[in-house]
Amino acid sequence: MRNNRRARNFNEETETKKLIYISIVVVILAILTFVITYVVYSNSLNKSAEDLTQKITDIGIQQNDNTLHEASSSIGKNVNEMQEEQEKTEKIAINTTNAQNQIEEKTNKTVETKAQEVEKKEEPKKEEIKDPTFIKPVEGDIIKEFASENLIYSETLKEWVTHNGIDIKAEKTTVVKTSSDGTIKSIKNDPRYGITIVVEHENGYASVYSNLLTAEFVKEGEKVKQGQTIGTVGNTAAFEIADEPHLHFEILKDNKYLNPSEYIK
């Protein structure tokens with residue numbers, strides 16, 4: 001009985017060991033199969049990927065070459081056309097600028113012309129100022145004529161001298177009247193011609209009354225009318241003290257001496 005049990009137990013153990021060995025062998029084979037399959041599949045995938053990458057690279061290079069070729073051809077063909085277009089554009093710009101300048105010039109001229117016309121219309125016409133008329137400041141004969149360019153003999157100085165006015169014979173204290181409308185510019189005691197009054201008139205004219213006795217009737221800056229009393233005849237002119245009593249009378253235009261005999265009426 002014991003031998004039979006031992007034999008059975010031995011057989012069971014042997015069978016169990018066989019099953020274990022077989023299972024181990026199967027598992028090892030399965031692992032080897034998986035590893036081999038994985039390696040082969042990975043190599044295949046890598047090769048496919050490399051082939052695909054190469055193809056894409058080749059396609060890209062070819063496309064770039066085609067693009068560059070097309071661009072080069074396009075540039076080569078359009079250089080002249082681009083130059084012509086640039087020249088046309090520049091001509092158009094120049095013509096446009098010239099046209100704008102002409103329009104601005106015409107506009108400015110038109111505006112200036114209209115402005116001048118408006119100014120002419122708005123500006124009131126100025127009345128023409130007439131030259132003053134002169135009368136004799138005293139009644140009497142002319143005893144010494146005007147001689148600004150010629151020489152006449154002076155009884156006082158005992159020499160030949162010029163004479164920038166006329167001497168009108170009049171007794172002392174004879175009333176002296178202004179020869180024309182004007183403004184009293186100055187009243188002074190001249191060292192050569194004594195008490196002197198200067199009257200300003202229109203258009204640059206002035207009249208001078210010298211050898212006066214008095215000048216109390218007017219003051220500087222006063223407006224006077226033709227024929228208005230401004231002084232009296234005296235003998236205060238040192239350069240003419242040897243002459244008969246008289247009024248020394250001058251007329252100037254823009255500070256230039258004129259011959260009073262040609263202007264008094």
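Considering only region 183-225, how many residues are touching a Phe, Trp or Tyr at 6+ places or on another chain (Cβ under 8 Å) and of a type outside the set (Val, Ile, Thr)?
So the count comes out to 6.
Within 23 Å of Gly227 (Cα to Cα), surrounded by fewer than 17 Cβ atoms within 10 Å (Cβ to Cβ) and polar (S, T, N, Q), is that true of Ser186?
yes
So, in region 229-265, of the ones that are closer than 12 Å to Asn164 by Cα and among the polar types (S, T, N, Q), which residue ends up surrounded by the fewest Cβ atoms within 10 Å (Cβ to Cβ)?
Start the filter on region 229-265 by keeping residues that are closer than 12 Å to Asn164 by Cα, which leaves 248-252, 255-261.
Pick out the ones that are also among the polar types (S, T, N, Q) and you get 255, 259, 261.
Values: Asn255: 7, Asn259: 16, Ser261: 14.
Looking at the filtered set, the residue picked out is Asn255.
Name the residues in region 136-175 that are under 19 Å from Leu258 (Cβ atoms), among the small types (Gly, Ala, Ser) and surrounded by 14 or more Cβ atoms within 10 Å (Cβ to Cβ), would you?
Residues satisfying the conditions are Ala147, Gly165.
Do you know which residues across region 224-265 are over 59 Å from the mean Cα position of the chain (by Cα), polar (S, T, N, Q) and assigned to a strand (DSSP E or B)?
Thr232, the sole residue that qualifies.
Out of Thr214, Thr178, report the one residue that is crowded, with 19+ Cβ neighbours inside 10 Å and touching a Ser or Thr at 6+ places or on another chain (Cβ under 8 Å).
Thr178
For the list (1) assigned to a strand (DSSP E or B); (2) over 18 Å from Asn259 (Cβ atoms); (3) among the small types (Gly, Ala, Ser), I need the number of the one condition that Gly221 fails.
Condition not satisfied by Gly221: (1).
Bear in mind these aren't lab numbers, they're just calculated from the coordinates by the rules spelled out. As the structure is a computational prediction, the values presented were derived from the model and not from experiment. Reconstructed Cβ throughout: ideal geometry from the backbone, glycine too, with neighbour counts over all protein chains shown.
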